Amino acid sequence: MNDLRRPDRARTAIVIGGGVAGPVAALALRKAGIEATVFEAYHPGTGSRGGPLGLASNGLNALRVVGADGVLAGVGIPTPRMVIHSGTGKVLGTVETDPGLPTTTTLPRGRLAELLQEHAAAAGVPIVYGKRFVDAVDTGRSVIAQFDDHTTAEADLLIGCDGIRSTVRGVIDPAAPQPRYTGLIGLGGWSDGPLGVGDTAGSFHMVFGRKAFFGHISDGERTGWFANLPFKTFTRETLRDTAFEQWIALMRDLFADDDSAALTVLDHVTPESFIPASPLEDLPHVPIWSKGRIALIGDAAHATSPSSGQGASLAAESAVELARCLRDLPVPQAFAAYEQGRRDRVERVITTAARTNQSKAAGPVAARFRDALMPFFMARFTTPEKMAWQYGHTIDWEAPAT
Ligand SMILES: Cc1cc2nc3c(=O)[nH]c(=O)nc-3n(C[C@H](O)[C@H](O)[C@H](O)COP(=O)(O)OP(=O)(O)OC[C@H]3O[C@@H](n4cnc5c(N)ncnc54)[C@H](O)[C@@H]3O)c2cc1C
């Protein structure tokens, strides 16, 4: 409820960024009675399709609150399990989705944002494309956003959903941390073809290879794959200027001794479906999530490395939780309640993923220990019960925020 009896509640919001957090935040804010407009730097259809992204049960639960969980139906590959292998082909363990939860769905990363944008627009959320946010002025009663085309927009609030390299984060805290390199670079792709591999029957196979990490999933028609390569030193220019053929040759070399689908997939990958290399990064602790009338959600506040398979799900959760708090509380209390409810959870996920990154970048000795000990640990610690804190998380939209 947001009416004249509650003048201290926000009524309008500017949402910066149309990735995952942005469209979900706008939908949730509308549900909370706050009119939100999304401003996205790029034009539709100009982004990369991206490699495979798994939207986990908890993310689907969050999307359900705003009626957006159905947008993935028929688009992604249902993925009820991850199967973890060593480079020798031995199964080290499996992570099964609890059958009582929505099944994880794997789809191209860029497609998820497009689907959410389309859904939000169809629900009446204005999305303004080609608007790159550069700065904001908090007047104490409103926020005025400034864009690089010298236009402005004004609302009661501004929500920064502009990703791991957030500009909004720098506006509320010029000393905010920069993304941390994990020691791994990521490459991958998504193909509307089998890439030489068969239907994996809902399993996403992940291989701790002898020199690098490889994952793939296929439903026999569509195939997603990724590789994580330990790289100590590089420059962004080197990554950008390395040609497709050079990457394929390097990966063929790194995966040559592994018993995995890597070499078969690499034989079939085309430049069109290939996502070039980028450093994998996270943000373990962003000290300031909000200031005045401006707050951060998603990767802007709590970027986890891709190894968690949770970044998009956490972004969706935070979007819904922030809207629930703004529905019930004046702005400062709402921002505080949102952070109080979210920080421990997201930082726990980020820390867990950082440990996985160390295993992916293990040297030969550490890798032997990893392969020997992992079956023991996975059998005990990745059961549906033990993973319930992550995948079973639900948001009680009706519960009053306090
Ligand atoms: C290789 C890789 C694999 C991943 N795999 C998974 C996975 O399996 N499962 C999972 O849950 N997550 C995964 N993630 C993480 C996931 O993609 C992110 O956590 C998620 O996209 C975060 O959503 P967001 O909306 O916060 O940020 P983003 O999705 O990055 O969206 C930010 C948006 O803001 C826009 N923007 C940026 N700056 C501005 C500006 N100044 N003005 C206006 N707009 C701006 C951008 O164009 C973009 O559209 C992966 C990430 C990577 C890199």
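Take the residues in region 145-192 that are hydroxyl-bearing (Ser, Thr, Tyr) and in contact (Cβ under 8 Å) with a residue 24 or more places away in the chain, then tell me which one is farthest from the ligand (Cβ to nearest atom).
SER191
Answer yes or no as to whether GLY209 is closer than 22 Å to PHE274 by Cβ, open to solvent by less than 50 Å² (accessible area, probe 1.4 Å) and within 11 Å of the ligand (Cβ to nearest atom).
When the stated conditions are applied, GLY209 does not pass them.
For region 73-90, check the following and say yes or no: at least one residue is crowded, with 24+ Cβ neighbours inside 10 Å and in contact with a Phe, Trp or Tyr (Cβ under 6 Å, 6 or more places away or on another chain).
Checking region 73-90: at least one residue is crowded, with 24+ Cβ neighbours inside 10 Å and in contact with a Phe, Trp or Tyr (Cβ under 6 Å, 6 or more places away or on another chain).
Quick check on ALA26: is it of a type outside the set (Val, Ile, Thr), closer than 17 Å to GLY163 by Cβ, open to solvent by less than 30 Å² (accessible area, probe 1.4 Å) and away from the ligand (no atom under 11 Å from the Cβ)?
Answer is yes for this residue.
If you check ASP258 against the conditions, is it in contact with a Pro (Cβ under 6 Å, 6 or more places away or on another chain), modelled with pLDDT of 95 or more and open to solvent by less than 40 Å² (accessible area, probe 1.4 Å)?
Answer is no for this residue.
Somewhere in region 323-336, is a residue closer than 16 Å to LEU29 by Cβ, assigned to a helix (DSSP H, G or I) and within 16 Å of the ligand (Cβ to nearest atom)?
The answer is yes; a qualifying residue exists.
Kindly state which strands (runs of 3 or more DSSP E) lie completely within region 70-122 and contain at least 1 residues that are farther than 30 Å from THR46 by Cβ and touching a residue at least 60 places away in the same chain (Cβ under 8 Å).
Result: 81-86, 91-96.
Quick check on this structure: which one of PHE244, PHE214, PHE231 is open to solvent by 10 Å² or more (accessible area, probe 1.4 Å), in contact with a strand residue (DSSP E or B) (Cβ under 6 Å, 6 or more places away or on another chain) and modelled with pLDDT of 95 or more?
Going through PHE244, PHE214, PHE231 in turn, the sole match is PHE244.
If you scan region 97-133, which residues turn out to be more than 10 Å from the ligand (Cβ to nearest atom) and surrounded by fewer than 16 Cβ atoms within 10 Å (Cβ to Cβ)?
PRO99, GLY100, GLU118, ALA122, ALA123, GLY124, PRO126
With the condition being away from the ligand (no atom under 16 Å from the Cβ) and over 17 Å from the mean Cα position of the chain (by Cα), I'd like the helices (runs of 4 or more DSSP H) fully within region 213-319 carrying at least 1 qualifying residues.
236-241, 244-255, 262-268
With respect to ALA388, is the statement that it is buried (at least 19 other Cβ atoms within 10 Å of the Cβ), within 23 Å of the chain's Cα centre (by Cα) and either closer than 19 Å to GLY163 by Cα or more than 16 Å from the ligand (Cβ to nearest atom) (or both) true?
Judged against the criteria, ALA388 is not a match.
Only residues in region 376-388 that are in a loop (DSSP other than H, G, I, E, B) count as the first member; pair them with residues that are among the basic types (Lys, Arg), Cβ under 8 angstrom, at least 6 apart or cross-chain, and list the lot.
Close Cβ pairs (under 8 Å, with a partner that is among the basic types (Lys, Arg)) amount to LYS386/ARG380.
Right, ARG370: in contact with a strand residue (DSSP E or B) (Cβ under 9 Å, 6 or more places away or on another chain) and open to solvent by less than 40 Å² (accessible area, probe 1.4 Å) or not?
So ARG370 fits the description; yes.
Being open to solvent by 10 Å² or more (accessible area, probe 1.4 Å), on the phi < 0 side of the Ramachandran plot and out of contact with any strand residue (DSSP E or B) (no Cβ under 7 Å at 6 or more places or on another chain) is the filter here, so list the residues in region 217-226 that pass it.
GLU221
So if I check each of GLY74, GLY50, GLY67, which one is more than 9 Å from the ligand (Cβ to nearest atom) and either more than 22 Å from the chain's Cα centre (by Cα) or at pLDDT below 95 (or both)?
One residue alone meets the criteria, GLY74.
When GLY45 is evaluated against the numbered criteria (1) touching a helix residue (DSSP H, G or I) at 6+ places or on another chain (Cβ under 6 Å); (2) closer than 23 Å to ASP192 by Cβ, which criterion, by number, is the only one it fails?
Failing condition for GLY45: (1).
For region 216-243, how many residues meet the condition of being farther than 30 Å from GLY74 by Cβ and of a type outside the set (A, V, I, L, M)?
Going through region 216-243 one residue at a time, the tally reaches 12.
Do you know which residues across region 134-185 are closer than 18 Å to ILE288 by Cβ, of a type in the set (A, V, I, L, M) and either within 17 Å of the chain's Cα centre (by Cα) or open to solvent by less than 20 Å² (accessible area, probe 1.4 Å) (or both)?
Within region 134-185, ALA136, VAL143, LEU157, LEU158, ILE159, ILE164, VAL168, ILE172, ALA176 meet the criteria.
With the requirement that a residue be assigned to a loop (DSSP other than H, G, I, E, B) and either farther than 30 Å from LEU280 by Cα or hydrophobic (A, V, I, L, M, F, W, C) (or both), what does region 11-52 give you?
Within region 11-52, ARG11, VAL20, ALA32, GLY33, ILE34, ALA41 qualify.
The values are calculated or read from the model by the stated rules, or taken from the named source; none is laboratory data. On a predicted model such as this, the values are computed, not experimentally measured, just so you know. Here the Cβ is made from the backbone with ideal geometry for all residues, glycine too, and neighbour counts use every protein chain on show. These accessible areas exclude ligands, DNA and RNA; they are computed on the full protein's heavy atoms, side chains included. Shrake-Rupley method; radii C 1.70, N 1.55, O 1.52, S 1.80 Å.
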